[in-house]
Amino acid sequence: MAQDLKTRTKKFAIDCGKLCRNFPHSREYNAYVNQLIRCSSSVGANYRASQRGKSTADFINKLKIVEEEADESHFFIEILLELYDLGDENVKNEMIRLCKEANELVAIIVASINTAKSKLK
């Protein structure tokens, strides 16, 4: 499971990066694109870091960062989806898919946090 999530969070970052190639270079898009690239890549980086946690508390703390960054990624994808007016259905469908993936990652991470917390008791 951990290796699957490691691969999945890395793919999420790569897919978000590829998505960002589709947007025009303009002031409003650049701000959101840069944020999406930053937070989506942070999902994978922090998940990897969580696997090297020094304690259960450290593991939980790193997973909370993953949760925040995945949710933030979802937010910026939604913003870009609403701003995107070039009409390319493939790009819109990819944004919808990535929104779903971000939500699934959040759900998985929250479940992992809850499991880890229950082991602390």
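This model, with +1 at the C-beta of Lys and Arg and -1 at the C-beta of Asp and Glu, gives the chain a dipole about its Cα centre of some 880 debye. Solvent exposure of the chain, expressed per residue, is 59 Å² of accessible area, with all protein chains present and a 1.4 angstrom probe. If you take the alpha carbon atoms of the chain and fit the smallest convex hull around them, that volume is 87 Å³ per residue. Take each peptide in 27-33, 57-63, count the other Cβ atoms within 10 Å of every residue, and average; sorted highest first, the result is 57-63, 27-33. At an R0 of 22 angstrom, the distance between the Cβ atoms of residue 26 and residue 92 translates into a FRET efficiency of 0.75. Per-atom-type breakdown for segment 1-119 gives carbon and sulfur 51% of the accessible area (1.4 Å probe, protein chains only). For segment 104-118, 3J(HN,Hα) computed residue by residue from phi via the Karplus equation (6.51, -1.76, 1.60; θ = phi - 60°) reads 5, 4, 4, 4, 5, 5, 4, 4, 5, 4, 4, 5, 5, 5, 5 Hz, glycine and proline entered as x. Taking a straight Cα-Cα cut-off under 16 Å and skipping sequence neighbours fewer than 8 places away in the same chain, the aspartates and glutamates within cross-link reach of residue 62 are 71, 72. Annotation: peptides 87-94, 68-75, ranked by per-residue average of other Cβ atoms within 10 Å with the highest first, follow the order 68-75, 87-94. Note on residue 11: aspartates and glutamates with a C-alpha under 14 Å away, same-chain residues under 8 apart excluded, are 94, 101, 104.
The values are calculated or read from the model by the stated rules, or taken from the named source; none is laboratory data. Note that the structure is predicted; figures quoted are calculated from it, not measured. Positions of Cβ are generated from backbone atoms using ideal geometry, with glycine treated the same way; all protein chains shown enter the neighbour counts. Accessible surface is based on the protein model in full, side chains and every heavy atom, while ligands, DNA and RNA are left aside. Shrake-Rupley method; radii C 1.70, N 1.55, O 1.52, S 1.80 Å.
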